[in-house]
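To start, the structure itself, in structure tokens.
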Amino acid sequence: MDTTPESYLDLFPLEAIVYLTPDSENVLEDIDPSKVYVLGGLVDESIHKQLTLRRAREQRLRTARLPIREYMVRAPNARNYHCDTLAINQVFDVLSTYYETRSWPAALRAGVSSGKGYVLPDTADQ
């Protein structure tokens, strides 16, 4: 991994960039090694709804979201809390596990904590 203070917009062609946002209509089905995936970060998700999606649209970037709703189910919980917005380290864990295993269930198990209110169907009754 390389880090730089330069903007991804200055480093990569727009058509190579995919901005990951939980508000995207597009589901990330596979990782394309020719693409650059931007992981955004928000401190308070309730105040900044759709901020990352708006930012990506303003920059004319493709967007995608992790397939949480496609592979996971809402788990009953006392607070009735369900959130598919993840911290940067969780998104990174999901993506790196998926890249290694090519399994979304394994990747989501690795990165989505039960505190988000989602579980894999095989663990929903536990």
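With the whole protein complex present, residue 62 retains an accessible surface near 130 Å², based on a 1.4 Å probe. Computed with a 1.4 Å probe over protein heavy atoms only, the accessible surface of the chain comes to 64 Å² per residue. Both radii were evaluated on the Cα set of the chain; the Rg over Rh quotient, with Rh as the Kirkwood radius, amounts to 0.97.
Projecting the Cα atoms of 121, 92, 7 onto the charge dipole of the chain, computed from C-beta unit charges around the Cα centre, puts 121 farthest toward the positive end.
With a 1.4 Å probe and all protein chains left in place, how much of the accessible area of the chain comes from carbon and sulfur atoms, in whole percent?
Working: 4020 of 8040 Å².
The computed percentage sits at 50.
Here segment 47-106 is described by how far its Cα atoms reach on the three principal axes: 36, 34, 20 Å, from widest to narrowest.
The values are calculated or read from the model by the stated rules, or taken from the named source; none is laboratory data. Worth saying up front: this structure is predicted, and the values here are computed from it rather than measured. Because the Cβ atoms are built from the backbone with ideal geometry, glycine has one as well, and the counts that use them run over all protein chains shown. Just so you know, the surface numbers come from the protein's heavy atoms only, side chains and all, with ligands and any DNA or RNA stripped out. Shrake-Rupley method; radii C 1.70, N 1.55, O 1.52, S 1.80 Å.
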